[in-house]
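Below is one structure; the comments refer to it alone.
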Amino acid sequence: RRVLFRSILDLNFELILTLAFLLCGICWLLNKRINHDEDSLVGFLASLAPILTLVLILRSFVVEPFQIPSKSMEPTLKVGDFILVNKWTYGIKLPVLRTQVLDISSPERGDVVVFFPPHEERYFIKRVVGLPGDKVNVVKGVLYINGQKASQQALPEQPDPGRSVVMQEDLQGVEHLMKRRLTPTRLSLNYSIIVPQGH
């Protein structure tokens, strides 16, 4: 069942919803010109047009549900959790095309964002740590932003001791929980980047 559920989630629901909206919209227009019986296929699809219009507007411009796909945001977000994403915080995008038509604001340090990288069809859910122009370093699992060390304090009660420790991290005034591996991975051992403009 879980594999089937993941396969359903991997479908491009936004595209399917938009196509269904267009089909029902055409049937609604046909039904207005030629009054079809509600028991007919055209009449039935026309009756779905208002509902699909509402769902498309809500999902494209107000809130969109996502499921947490991996452990990378634990303990803040757990695998399988569902979240609702505010679609207009940073601006308005066209459905399916994901083209920005109105800028409202930019992501801030500490925000949790959902995005589709240019090279991927699947979404990522991550916390913003570096803003354009910032120098971000990770040394032995400790984050530095523009040379300033992010404060990390281990929680006294560890729910899941083992290969990682749960810590309270302060990203220059934005506090959150995070997991730090006791043995750093290759990237978290010594990593450095300057965040490009517009990223």
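The values are calculated or read from the model by the stated rules, or taken from the named source; none is laboratory data. Values in this document were obtained by computation on a predicted structure and should not be read as measured data. Glycine also receives a Cβ, built like all others from the backbone with ideal geometry; neighbour counts cover every protein chain displayed. Quick note on the areas: whole protein, heavy atoms, side chains included, nothing else; ligands and nucleic acids left out. Shrake-Rupley method; radii C 1.70, N 1.55, O 1.52, S 1.80 Å.
Let's see how each residue does on (1) modelled with pLDDT of 75 or more; (2) open to solvent by 100 Å² or more (accessible area, probe 1.4 Å):
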| position | (1), (2) |
| --- | --- |
| VAL3 | no, yes |
| ARG6 | no, no |
| LEU17 | yes, no |
| LEU22 | yes, no |
| LYS32 | yes, yes |
| ASN35 | no, yes |
| LEU41 | yes, yes |
Subject >> Selected residue (criterion: least open to solvent (accessible area, probe 1.4 Å)) from residues of region 96-114 that are at pLDDT below 90 and under 21 Å from ILE16 (Cβ atoms) >> reply: VAL96
Subject >> Unmet criterion (only one of (1) surrounded by 12 or more Cβ atoms within 10 Å (Cβ to Cβ); (2) at pLDDT 85 or above; (3) not hydrophobic (A, V, I, L, M, F, W, C)) for LYS93 >> reply: (2)
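Report yes if some residue within region 115-132 is closer than 25 Å to GLN67 by Cβ, open to solvent by less than 90 Å² (accessible area, probe 1.4 Å), of a type in the set (Phe, Trp, Tyr) and touching a residue at least 12 places away in the same chain (Cβ under 8 Å); otherwise report no.
Checked region 115-132: at least one residue is closer than 25 Å to GLN67 by Cβ, open to solvent by less than 90 Å² (accessible area, probe 1.4 Å), of a type in the set (Phe, Trp, Tyr) and touching a residue at least 12 places away in the same chain (Cβ under 8 Å).
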**OP:** Write out, first by first residue and then by second, each pair whose Cβ atoms fall under 8 Å of each other, whose residues are 6+ apart or on separate chains, and whose first residue, in region 180-199, is on the phi > 0 side of the Ramachandran plot while the second is surrounded by 10 or more Cβ atoms within 10 Å (Cβ to Cβ) and part of a loop (DSSP other than H, G, I, E, B).
**Re:** GLY198/PRO132
Original post:
Could you count how many residues in region 146-199 are open to solvent by less than 90 Å² (accessible area, probe 1.4 Å), out of contact with any His (no Cβ under 9 Å at 6 or more places or on another chain) and of a type in the set (Asp, Glu)?
Top reply: 1
Subject >> Positions within region 126-136 being closer than 22 Å to SER164 by Cα and assigned to a loop (DSSP other than H, G, I, E, B), in sequence order >> reply: VAL128, VAL129
**OP:** Considering only residues that are assigned to a loop (DSSP other than H, G, I, E, B) and among the small types (Gly, Ala, Ser), look in region 137-177 and name the one that is farthest from SER192 (Cα to Cα).
**Re:** GLY162
